[in-house]
Amino acid sequence: MAAIEMKNIVKQYGDGFPAVNDVSLDIADGEFMILVGPSGCGKSTLLRMIVGLEDITSGDMLIGGKRVNDLAPRDRNLSMVFQNYALYPHMTVYENIAFPLRLSKTPDDEVRRRVTEASDVLELKDHLERKPANLSGGQRQRVAMGRAIVRQAEAFLFDEPLSNLDAKLRGQMRTEISRLQRRLGITTVYVTHDQTEAMTLGDRVCVLRKGKIQQVASPRELYEQP
Ligand code: ADP
Ligand code: ADP
């Protein structure tokens with residue numbers, strides 16, 4: 001069974017040309033799927049429909065085999081990792097990671113257990129009392145991913161997470177994301193327009209054009225084409 005299954009997904013804003021036009025795509029459990037394509041091809045819209053931030057005009061979205069078209073984001077158990085990480089500057093690393101559990105009123109001892117576990121995996125154990133301002137870019141990225149891990153999210157979703165960074169930091173973060181994703185084996189959907197990111201991160205790359213899938217292939221197949 002695919003982790004995320006999309007069947008004939010359409011998104012129509014107003015009465016214009018559909019932003020996403022009959023997209024069918026299965027994303028396997030643990031797979032790292034890249035969405036690429038020119039600006040305006042529908043990448044963000046597709047990602048936002050997966051996470052539930054955007055209504056689906058027609059078609060079926062299945063997550064873990066369950067139809068989620070009408071489920072709110074918080075009932076989908078997916079986790080969007082935003083470009084600026086959306087960390088709370090006044091909270092410590094511990095409280096930032098614990099935040100989704102506080103929202104869902106998880107008991108304190110359970111919060112402690114899960115945050116400890118996540119910070120272990122993420123190598124943030126020695127930084128739990130720090131504030132985000134005192135972390136490196138890579139550490140902030142890990143805190144943001146920590147929030148997804150404590151919720152035991154079924155997938156990570158990224159929308160051009162590295163596009164505002166300089167080349168050096170981008171390289172470091174790419175390595176960081178790749179390493180963590182392999183280690184955790186969490187299904188990942190990642191929007192980018194950067195070829196290097198698509199090549200180095202993706203198990204498969206889905207190329208979108210004018211709201212339609214043009215091609216789905218491994219990075220190697222894609223870039224070895226004439
Ligand atoms: P990409 O992420 O590939 O750049 P988007 O998904 O942002 O593309 O946009 C796809 C198309 O949908 C574009 O034509 C865009 O102008 C349109 N669009 C995106 N969001 C909205 C919106 N909230 N209202 C109306 N049109 C939108
Ligand atoms: P902030 O984004 O917290 O306001 P600054 O923009 O002043 O911080 O940048 C401080 C350091 O953090 C710089 O080295 C910068 O390269 C890095 N940085 C800024 N934004 C990001 C980001 N989105 N992801 C990773 N590192 C970032």
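The values are calculated or read from the model by the stated rules, or taken from the named source; none is laboratory data. Please read these numbers as outputs of a predicted model, since none were measured by experiment. A quick note on method: Cβ atoms are made from the backbone with ideal geometry, for glycine too, and the neighbour counts reach across all protein chains shown. Ligands, DNA and RNA are stripped out before the accessible areas are found, and what is left, the full protein with its side chains, is counted by its heavy atoms. Shrake-Rupley method; radii C 1.70, N 1.55, O 1.52, S 1.80 Å.
A few points about this structure:
- Rounded to 5, the percent of DSSP beta bridges in the chain classed as antiparallel: 50 percent
- Magnitude of the charge dipole, the chain, Cβ model with Lys/Arg +1 and Asp/Glu -1, debye to 20: 320 debye
- Asp60, Asp22, Asp166, ranked by accessible area, largest first (probe 1.4 Å): Asp166, Asp22, Asp60
- Loop GluC sites (Glu not before Pro), region 152-226, which have at most 14 other Cβ atoms in a 10 Å radius of their Cβ (DSSP): Glu224
- Taking Leu169, Leu208, Leu53 and ordering them by how much accessible surface each has at a 1.4 Å probe, largest first, produces Leu53, Leu169, Leu208.
- For the chain, dividing the convex hull volume of the Cα atoms by the residue count gives 131 Å³ per residue.
- Region 14-127: translational diffusion in µm²/s, Stokes-Einstein, Kirkwood Rh over Cα pairs, 20 °C, 1.002 mPa s: 126 µm²/s
- Taking the chain as a Gaussian network of alpha-carbon nodes connected by springs under 10 Å, the highest mean-square fluctuation of the residues Met199, Met33, Met61 belongs to Met199.
- Size of region 3-52 as Cα extents on the principal axes (Å, biggest first): 36, 21, 17
- Values of log10 I(q)/I(0) for region 71-144 across q = 0.11 Å⁻¹ run -0.27, by the Debye formula with one identical scatterer at each alpha carbon and no solvent.
- Rounded to the nearest whole Hz, the Karplus-based 3J(HN,Hα) values (6.51 cos²θ - 1.76 cosθ + 1.60, θ = phi - 60°) of region 166-183 follow the sequence 6, 4, 5, 5, 4, x, 5, 5, 4, 4, 4, 4, 4, 4, 5, 4, 4, 5, with x at glycine and proline.
- Exposed-loop-free span, longest in the chain, where chymotrypsin sites (Phe, Trp or Tyr not before Pro) count as exposed if DSSP calls them loop and at most 15 other C-beta atoms lie within 10 Å: 83-226
- Summing Lys and Arg as +1 and Asp and Glu as -1 over all other residues whose Cβ lies under 10 Å from the Cβ of Thr200 gives a net charge of -1.
- Rounded tilt (10° steps) of 93-103 against the dominant C-alpha axis of the chain: 70 degrees
- Sparsely packed GluC sites (Glu not before Pro) within region 1-85, loop by DSSP, other Cβ within 10 Å at most 16: none
- Accessible surface of the chain, 1.4 Å probe, proportion on carbon and sulfur as whole %: 47 percent
- Of every Cα-Cα pair in region 119-226, the percent that sits beyond 23 Å: 34 percent
- Taking the three principal axes of the alpha carbon atoms in region 144-194, the coordinate ranges are 31, 18, 16 Å, sorted in descending order.
- Enclosing the Cα atoms of region 63-112 in their convex hull gives a volume equal to 112 cubic angstrom per residue.
- Taking Gln139, Gln181, Gln215 in turn, the Gaussian network model of the chain (Cα-Cα springs below 10 Å) assigns the largest fluctuation to Gln215.
- The antiparallel fraction among DSSP beta bridges confined to region 124-226 stands at about 50%.
- Relative contact order for region 28-157: 30 percent, from Cα pairs under 8 Å spaced at least 6 residues apart, divided by residue count.
- By accessible area with a 1.4 Å probe, ligands and nucleic acids excluded, highest first: order of Lys105, Lys11: Lys105, Lys11
- At 0.692 mPa s and 37 °C, Stokes D of region 167-226 from Kirkwood alpha-carbon radius, µm² per second: 261 µm²/s
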